[in-house]
Amino acid sequence: MGDRAGDGARRRHHPLTDSEKYRKVKTTVRGGLLALAVVAVDQLTKEWAVSSLSDGRTVDIVWTLRFALGYNSGFAFSTGTGLGPWIGVAAVAIVAVMTVAMHRADSTRARLGLSLIIGGAVGNIVDRLFREEGWMRGRVVDFVDLQWFPVFNVADSAITVGGVLLVVASLWPGSSSVSGTASEQSGAIDGAKQ
């Protein structure tokens, strides 16, 4: 077997070809568009929930699934109530880090997962910024109610699905790679034969 650490070092410091740069930019732009789509769907569904369910009405969908309006001033499962401004600032920092990670990700699954997480986080940050008076004092709108699980929203769903995709990408890192030149792949194969 070849020196895997050496192969990794060559890969990191090898300049990208123009086609690789184009592909990386293209997939990053697609990831950004997916994140924007998540924010748009999240905000549209929250506006619907606020306008249609504010009077205490619930809409039964199927089995225990229903739409019922709720608000969350904390974080996951309404813990940390009152920490909204700190949660918002932390979420903005996390989105910045994940945006850089999305650009650097080597797999389509990882980029997709990060895009969903970024879109979900931004959707909830928008609530904290604009739902009520005061900087980062807004509450997140939740409306998807299973009646046996905490109430959530589209942004929360995107974050969860994105997290699952990141786990899958980490378990099968090479299965959907979008980086690596032909010469690097050939070098890795030659190294493995030795």
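The values are calculated or read from the model by the stated rules, or taken from the named source; none is laboratory data. Note that the structure is predicted; figures quoted are calculated from it, not measured. Ideal geometry is used to build each Cβ from the backbone, glycine not excepted, and the neighbour counts take in all protein chains shown. Surface areas here come from the heavy atoms of the whole protein model, side chains and all, with no ligands, DNA or RNA. Shrake-Rupley method; radii C 1.70, N 1.55, O 1.52, S 1.80 Å.
Residue check, P85 against (1) modelled with pLDDT under 85; (2) open to solvent by 40 Å² or more (accessible area, probe 1.4 Å); (3) part of a helix (DSSP H, G or I), all met but one. Which one?
(2)
For every residue, the table says whether it meets (1) within 19 Å of K26 (Cα to Cα); (2) touching a Leu at 6+ places or on another chain (Cβ under 6 Å); (3) without any contact (Cβ under 8 Å) to a residue 24 or more places away in the chain; (4) not small (G, A, S).
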| residue | (1), (2), (3), (4) |
| --- | --- |
| V92 | no, no, no, yes |
| V95 | no, no, no, yes |
| R104 | yes, no, yes, yes |
| R109 | yes, yes, no, yes |
| L114 | yes, no, no, yes |
| G120 | no, no, no, no |
| D127 | no, no, no, yes |
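Name the single residue, out of those in segment 129-152 being in contact with a Leu (Cβ under 8 Å, 6 or more places away or on another chain) and of a type in the set (V, I, T), that is surrounded by the fewest Cβ atoms within 10 Å (Cβ to Cβ).
So, considering only residues that are in contact with a Leu (Cβ under 8 Å, 6 or more places away or on another chain) and of a type in the set (V, I, T), the one surrounded by the fewest Cβ atoms within 10 Å (Cβ to Cβ) is V144.
Give me the residue from segment 109-134 that is outside any helix (DSSP H, G or I) and at negative phi and, out of that set, nearest to the chain's Cα centre (by Cα). Spell out how you get there, then give the answer.
Let us first name the residues in segment 109-134 that are outside any helix (DSSP H, G or I), namely 131-134.
When the remaining residues are screened for being at negative phi, the result is 131-133.
Details: R131: 22, E132: 25, E133: 27 Å.
Among them, the one singled out is R131.
If you scan segment 39-62, which residues turn out to be under 16 Å from V151 (Cβ atoms), not small (G, A, S) and not in a helix (DSSP H, G or I)?
If the condition is that a residue be under 16 Å from V151 (Cβ atoms), not small (G, A, S) and not in a helix (DSSP H, G or I), then R57, T58, V59, D60, I61 are the ones that fit.
Out of the residues in segment 114-163 that are more than 19 Å from L44 (Cα to Cα) and not hydrophobic (A, V, I, L, M, F, W, C), state the one that is modelled with the lowest pLDDT.
Restricting to residues being more than 19 Å from L44 (Cα to Cα) and not hydrophobic (A, V, I, L, M, F, W, C), the top hit is G134.
Can you pull out every residue in segment 31-55 that is free of Cβ contacts under 8 Å to residues at least 40 places away in the same chain and either surrounded by 13 or more Cβ atoms within 10 Å (Cβ to Cβ) or not hydroxyl-bearing (S, T, Y) (or both)?
Selection gives L33, A40, L44, E47, W48, S52, D55.
From the list K26, K21, exactly one residue is in a helix (DSSP H, G or I), of a type in the set (D, E, K, R) and open to solvent by less than 90 Å² (accessible area, probe 1.4 Å). Which is it?
K26
Looking at (1) in a helix (DSSP H, G or I); (2) open to solvent by less than 40 Å² (accessible area, probe 1.4 Å), which is the one condition that is false for G70?
(1)
Is it fair to say R10 is more than 15 Å from A155 (Cβ to Cβ) and at pLDDT below 95? Please lay out each step first, then the result.
On the way: more than 15 Å from A155 (Cβ to Cβ): yes; at pLDDT below 95: yes.
Criteria met by R10.
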